[in-house]
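Below: the structure, in structure tokens.
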Amino acid sequence: MKEINIFQKQFQAKDNDIIVASFPKSGTTWLKAIAFAIVNRQCFSSIHNHPLLSSNPHQLVPYIEFMYPANSHFPTTEPRLLGTHIPFPSLSKSIIDSNCKIIYICRNPFDTFISAWHFFNKVRQYCSSSALTIEEAFEMYCNGIIEFGPWWSHMLGYWKESIVRPNKILILKYEDIKENVNLYVKRVAEFLDFPFTQEEESNGVIESIIRLCSFEKMKDLEVNKSGIVYDGLENKHYFRKAEIGGWVNYFSPSMTEKLSKIMEEKLSGSGLSF
Ligand code: A3P
């Protein structure tokens, strides 16, 4: 909270900043990689020395909220690519008021929960806390008690603003990208004002970005098998299964009913659905 408070007061957005925002475990790592590869494609046209082969996407697109108070690891090149899990209304005023662009990824709340349960139990190990059972974690999730706040208000905050300011915020769904990654890589590039030329399309630039950022490729990189980005947390924990619908193997019928009801109650009428 202290770091977030300092961030809110001090962070000065630039009009050409690009913010990759998300609720945790929605596909942030993937979207950061895609955005980095799109924006920097002229600098690293040779795929062999690409930074994504030797750095985890969270190093290349760092979380703004974790940079304070040290304030030391801001990207020095522009446009700056920054990540955040902070809910929309709690962003710094300069992000909201400036012309910087936000790409927001969300994921169906069932898979998000299972991914978060696995991941945060790993984080708890590093803090010497005991693991939460799925029942304990689920109860908290349904009550909105999870890192970065209730998932429904997080998603709705960005979603509603994207309706008002479609040129500022692009909403993406993990499932949609998985289904048609080519389309969404193009859409992200256009939204960020880095559209692919006809020549790039014919030369397979989009396909090479898709391959570079694919789960199979990234999971297998040495940096993502043995590297560390934050506080001892190993990069490998950012890459688990990357499946859609894996939640069915974990949910009891009563859990399914409960979460479905919450989704209905919280999201109905908003236009956001999964
Ligand atoms: P699972 O836990 O369901 O496997 P985040 O990046 O927001 O922390 O989200 C993590 C989820 O995204 C994990 O889901 C992880 O496996 C998946 N993921 C990570 N890298 C990915 C990639 N390159 N492509 C698709 N999914 C990816």
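Any read-out appearing in this document is the output of simple, stated calculations on the displayed coordinates, not a laboratory observation. None of the values given here were measured: they were computed from a predicted structure. Quick reminder, even Gly has a Cβ in these numbers, built from the backbone with ideal geometry, and neighbours come from all protein chains shown.
How tilted is helix 109-126 with respect to the longest principal axis of the chain? Cα atoms for both, answer in degrees (0 to 90, nearest 10). In the chain, helix 109-126 runs at an angle near 90 degrees to the longest axis. For the pair S202 and S226 in one chain, pulling the backbone fully straight at 0.36 nm per residue adds 5.0 nm over the alpha carbon distance. Relative contact order of the chain: 25 percent, from C-alpha pairs under 8 Å at least 6 residues apart in sequence. Model label sites at E3 and S54, defined 7 Å from Cα along the beta-carbon direction, differ in position by 2.6 nm.
For the range 1-70 versus the range 96-143, the inter-centroid distance based on Cα atoms is 19 Å.
The angle between the Cα long axis of helix 253-267 and the longest principal axis of the Cα atoms of the chain comes to about 60 degrees, rounded to the nearest 10. Computed over the range 62-128, the Cα gyration tensor eigenvalues convert (square root of 5λ each) into semi-axes of 26, 18, 11 Å, ordered from largest to smallest. Straight-line cross-link reach from K93 at under 30 Å between alpha-carbon atoms covers these lysines, not counting any fewer than eight positions away in the same chain: K2, K9, K14, K25, K32, K101, K160, K168, K173, K186, K266.
Were the residues from F74 through Y126 laid out at 0.36 nm apart, the gain over their Cα-Cα distance would be 16.2 nm.
Dividing the Cα convex hull volume of the range 175-252 by residue count, how many Å³ per residue is that?
Numbers: hull volume 11.1 nm³, N = 78.
For the range 175-252, the hull spanned by Cα atoms encloses 142 Å³ per residue.
The charge dipole of the chain, taken about the Cα centre with unit charges on the Cβ atoms of Lys, Arg (+1) and Asp, Glu (-1), comes to about 280 debye, rounded to the nearest 20.
If you average the alpha carbon positions of the range 159-182 and of the range 203-268, how far apart do those two centres end up, in angstrom? Taking the Cα centre of the range 203-268 as reference, the centre of the range 159-182 is 17 Å away.
In what order do V229, V188 fall by count of nearby beta-carbon atoms within 10 Å, going from fewest to most? Can you show the working numbers first?
Details: V229 19, V188 22.
The most exposed by this proxy come first: V229, V188.
With the alpha-carbon atoms of the chain aligned to their principal axes, the span from lowest to highest coordinate is 53, 40, 38 Å, starting with the largest.
The slack in the chain from S268 to F44, taken as 0.36 nm per residue of separation less the alpha-carbon distance, amounts to 76.2 nm. Computed from Cα positions, the angle between helix 151-164 and the longest principal axis of the chain comes to roughly 40 degrees.
With Rg and the Kirkwood Rh both taken from Cα atoms, where does Rg over Rh land for the range 127-213? Numbers along the way, then the final one.
Details: Rg = 18.5 Å, Rh = 16.2 Å.
Result: Rg/Rh = 1.14.
If R0 is 45 Å, what FRET efficiency do you get for N167 and N143 from their C-beta distance, rounded to 0.05? Efficiency, from the Cβ-Cβ distance: 0.80.
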